[in-house]
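Everything below concerns the one structure shown next.
What follows draws every value from the coordinates through simple rules; no lab data is involved. Everything numeric in this text was worked out from a predicted model, so none of it was measured. Every residue, glycine as well, gets a Cβ built from its backbone with ideal geometry; the counts of neighbours run over all protein chains shown.
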Amino acid sequence: MGLQGKEREAFEKTLEPYVGIEIGIKEIGRDEINQAMIRHWCEALDNELPIYTDAEAAADSMHGEIVAPPTMLQAWILPGMEMATGEPDPNDKQKELHRLFDDVGYTGVVATNTEQEYNRYLKLGDRVKAVTVIETISEQKATGLGIGYFINTKTTFTDQNDEVVGSMTFRVLKFEPSQQPAAAPTDDSGAPAKPTRIRPALAHDNQWWWEGVQADKFLIQRCEDCGVLRHPPRPMCGECQSIRWDSVEATGQGEVYSYVVIHYPEVPGYEYPLAVAVVDLEEPGLRFVTNVVDCDPEDVHIGMKVEAEVREMDPDFKMVVFKPIA
Amino acid sequence: MSSVQYAETNVGDALPEQKIEVTSSLIVGGALASQDFTPVHHDRGAAQASGMQDVFMNILTTNGLCERFVTDWAGSDAQVRKVAIKLGTPNTPGETMTMTGTVLERNDADKTVVVELAGKNTWGNHVTGTITLALP
Amino acid sequence: MPTTLKDEAAIVGIGQTEFSKNSGRSELQLACEATAAAIKDAGLTPDDIDGMTTFTMDTSDEIEVARAVGIKDLTFFSRTPHGGGAAIGVMHQAVMAVATGSANYVVVYRSLNGRSGARYSEGVSGGPTTSDLIHWSWYMPSGLMTPASWVAMFTQRYMFETGCTSLDLAEICMAQREHAVNNPNAFFYQRPMTLEDHQTARKIVDPLRLYDCCQETDGGTACIVTTPERARDLDCGGAALIRSVAQGAGAEQESMTSFYRPTISSLPEMDLVAKQNWEISGLTPDDIDCAVIYDAFSSIVLWQLESFGFCKPGEAKDFIKDGALRLGGRLPSNTHGGQLSEAYIHGMNGVNEGVRLIRGTSSNQPAKNGHVLVTAGVGIPTSAMILGQLD
Ligand SMILES: [Zn+2]
């Protein structure tokens, strides 16, 4: 739950000297902007824009010559293999700052935002260097990952003539992991399983209905004594208090009575925006809550004629969904 | 290769959707091409030690794929001025990232458009953000 | 022994913690701090307390709070279910306890780490197989699993039937924000909102946008209930007489998903609560000077105005149009900023605001404060009370 009170004040004091300083490591492009690295990037990312690798096409373009893909900007100053094998630079103030957080339990780190601006496209033969400044450290925040602090850095890129060619801001969250991350479910091969919709809990009063759906049936519970239909199923008839019931298949015809389009939060296993409707069924007095499929969520409206279909929405899981009647 | 002209664009125009198969080759290839040798992007063991299932895509590759998504639509004469992204769920091998985007703003003064985009995998949005482009 | 709950109890003390996004302490500690503050405000000591009540959803056991605060013998304790619908249900419990002599001084408390701990916006899932989980199982597979999604379903139909639009919801949000701007305890203290802010905020569940949804808050509140006779003898911060209090659940009631009633554009359970409050108190809507109307979402304020008869069914948007909910309007409401703009403590911060209105100490004090209506959650079994001046 993060540091509090005096401890927190003392900790935040130790952060202050870092705001506004350069991180202190050398960020100098080891090579000029060159065709080999550009080609390597374009091949890896399947970028076929001719201005990056085709001298003739580039000459005819507004650039007049080969240019580098703008999002490669940072690649020109990264140290490559050293990132895997090198010793940490003792002058790296950013690492030093992160260690301060680690020491008091904010061990998590995640990049949350990045923003790059390009003043001009880089050309073959250009040589860039960069300077990074720790711009801001936020106040303590509660986030989805846990309690933590956002650290903003700003990197300014200059060329061989000391002209600014671009800049990059980077935002990372240093956080106290709120709990052990749950192990992602895996399938038999050990690969992470795809997320699926939340399945219903099954028990005596509803299991038969879901089993019907898995057998491609859209069932409605019916009182065996007075014949009243009811949905969602209940163990007793509210009209005659009978506990005897059977079921009939719904006609599946209906009309949207109300609906929503869900944007937030996005739960894994569902597609958003997600349309959910309350449908007036043809059977008098009955309604059914369902997804409306096979149409743009924005096109769902009250009064829309819809019909039911039992559809496999996840592997081995069928649901009754409704689709527009053409 | 033809380029989209500023005059032809309208706020709300949708860009052609792209489906990007996220493979180990793309993740590792992108990381090394961007000179980012941080082990979690090419070494499965290192990635797993950090709590992930497998290697995951680095930010430069994500940036590069966003750029490609937009310039595949806009063409060679478009100039990328700004890329601002927010990172979400990780991209790991076996995912498919679906890229969608629309024209959010048009600025007549400098003939720039702002494209709002999202790259989504099965766990949610891997990336959301905007790219500002100057068009001919 | 009373035959109704008219004028049988008074609130004599209120207490609360700060409201934040990250309290940095346990829900139990928040409950204890709020309880101790309320006891002090009532001019009592922990020894005096002999009853305790809270929500079934609260994670702090009565006996744990009692032990920590130094409360000793308890002769009454109980809990009320159904989320925010319990906000006045707990008051109903406390009133019954003191009216029947089951206890003399009852603490009503509620605390939650609603932002840094378990967040309601993350939705329902899992848990033991109770009838409640079977109920949610009709909705989770379709993705209808957050409070915003359930309320949006009613809102959409209400808009269709009445012509109410998002602009009408904006008036509620802006009126309450205007109040929060003056309330130092509010999340949105000194942070005004424009119509454009409301209309351009991201969609949560269409037709509800971000500012139509309440805060997620860490914090605790508590209040002390006793009989009017004892209240008169106390050197407390001011007593609010409970003129009436009632609970209600309606026909075909579900928890937040009563979609199967002939109409879903009104609140039969709140109609029932309103009817009882008018009958018990002998008052009418004209007697109510200001109100604390439960506002987990903006639209639910409209339906309650209709349930309590401040306007006709379907006409709440016209009632609020000319600033009726603002200071100087017909019914200044949620003068603390409400749960949209002050904090979301499951309606219990509204109980404290109700007491402040009676005392004349609200950050946005209306001129007239003879009677204050305080309501609880919407779409679920719910409750409300009317507060008045203790002579
Ligand atoms: Zn029957």
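Results, tabulated for the structure shown:
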item	result
Rounded D (µm²/s) - region A:20-158, Kirkwood Rh over Cα pairs, Stokes-Einstein at 25 °C, 0.890 mPa s	140 µm²/s
Chain C: most fluctuating residue of C:ASP48, C:ASP233, C:ASP287 per GNM, C-alpha cutoff 10 Å	C:ASP233
Dipole magnitude (debye, nearest 20) for region B:6-134, charges at Cβ of Lys, Arg, Asp, Glu	240 debye
Cβ-based charge dipole, the protein assembly as shown, positive-most Cα from C:MET270, B:LEU133, C:SER137	C:MET270
Charged-residue dipole, Cβ positions (Lys, Arg, Asp, Glu), chain C about Cα centre, Debye nearest 20	500 debye
Which listed pairs, of A:LYS174/C:LYS203; A:LYS26/B:LYS111; C:LYS275/C:LYS312; A:LYS305/B:LYS19; C:LYS6/C:LYS368, have C-alpha distances above 26 Å, in listed order	A:LYS174/C:LYS203; A:LYS26/B:LYS111; A:LYS305/B:LYS19
For chain C, alpha-carbon Rg over 2.2 N^0.38 Å	0.91
Size of electric dipole in region A:207-324: Cβ of Lys, Arg +1 and of Asp, Glu -1, about Cα centre, debye, nearest 20	420 debye
Residues A:ARG311, C:ARG230, C:ARG67 arranged by fewest to most Cβ contacts within 10 Å	C:ARG67, A:ARG311, C:ARG230
Where the Cα pairs of region C:26-70 fall when distances are cut into 5 Å bins, in %	5, 23, 36, 24, 10, 2
Sorted by Cβ density within 10 Å, fewest first, the residues C:SER149, C:SER137	C:SER137, C:SER149
Fraction of beta bridges assigned by DSSP in region A:207-324 that are antiparallel (%, nearest 5)	95 percent
Cα-only radius of gyration and Dmax that characterise the protein assembly as shown, units Å	30.4, 99
Relative contact order (percent, whole number), region B:6-134, Cα cutoff 8 Å, 6+ residue spacing	30 percent
Pairwise centroid distance, computed over Cα atoms, of region C:255-322 with region C:333-387, Å	15 Å
For chain C, calculated [θ]222 nm from helices alone, where every DSSP H run of n ≥ 4 adds -39500 (n - 2.57)	-9500 deg cm²/dmol
Cα centroid separation, region A:1-26 to region C:1-43 (Å)	37 Å
Computed E for C:SER131/A:GLU312 - FRET, C-beta separation, R0 30 angstrom, nearest 0.05	0.60
Amide H within-cut-off set for B:ILE20, under 5 Å, with H built and near neighbours excluded	B:MET97, B:THR98, B:MET99
Kirkwood hydrodynamic radius (C-alpha pairs) into Stokes-Einstein, region A:216-325, 4 °C and 1.567 mPa s, D in µm²/s	86 µm²/s
Pairwise centroid distance, computed over Cα atoms, of region C:221-236 with region B:72-113, Å	63 Å
Directionally averaged shadow of region C:244-285, computed from the convex hull of its alpha-carbon atoms, nm²	3.3 nm²
Overall Cα dimensions of region B:1-71 - principal axes, largest extent first, Å	51, 21, 16
Inter-chain Cβ neighbour average for residues A:195-204, partner chain, 10 Å	6
Residue list for region B:98-124, given a label point 7 angstrom along the Cα-to-Cβ vector of B:VAL11 and an amide N cut-off under 20 Å	B:101-118
Within 10 Å of each Cβ in B:78-90, the average number of Cβ atoms from other chains	5
For residues of C:256-264, the mean tally of beta carbons on other chains within 10 Å	3
Over chain A, equivalent-ellipsoid semi-axes from the Cα gyration tensor in Å	58, 29, 17
FRET efficiency, A:VAL19 to B:SER50 (Cβ-Cβ, R0 35 Å, nearest 0.05)	0.80
Range of Cα positions in region B:58-136 per principal axis (Å), largest first	41, 21, 17
Convex hull of Cα atoms in region B:6-134, direction-averaged projection (nm²)	7.8 nm²
Most mobile listed residue (C:ALA97, C:ALA367, C:ALA87) in chain C, GNM with C-alpha springs under 10 Å	C:ALA367
Square roots of 5 times each gyration tensor eigenvalue, C-alpha, region C:185-308, largest first, Å	31, 24, 14
Charge dipole of region A:260-326 about the Cα centre (unit charges at C-beta), most positive-ward option of A:LEU274, A:HIS301, A:ALA326	A:HIS301
Exposure proxy ranking, count of Cβ atoms within 10 Å, fewest first, for C:SER142, B:SER34	C:SER142, B:SER34
For region A:1-66, alpha-carbon Rg over 2.2 N^0.38 Å	2.15
Volume per residue that the Cα convex hull of region C:94-171 spans, once the total is divided by residue count, Å³	232 Å³
Cβ crowding within 10 Å averaged over residues, with C:222-229, C:344-351 ranked highest first	C:344-351, C:222-229
Listed residues C:ASP271, C:ASP218, C:ASP286, most fluctuating in chain C (Gaussian network, C-alpha, under 10 Å)	C:ASP286
Residue among B:ALA78, B:VAL114, B:VAL40 farthest towards the positive dipole end of region B:1-135, charges placed on Cβ	B:VAL40
Region C:108-264 - Kirkwood radius from inverse mean 1/r over Cα pairs (Å)	19.2 Å
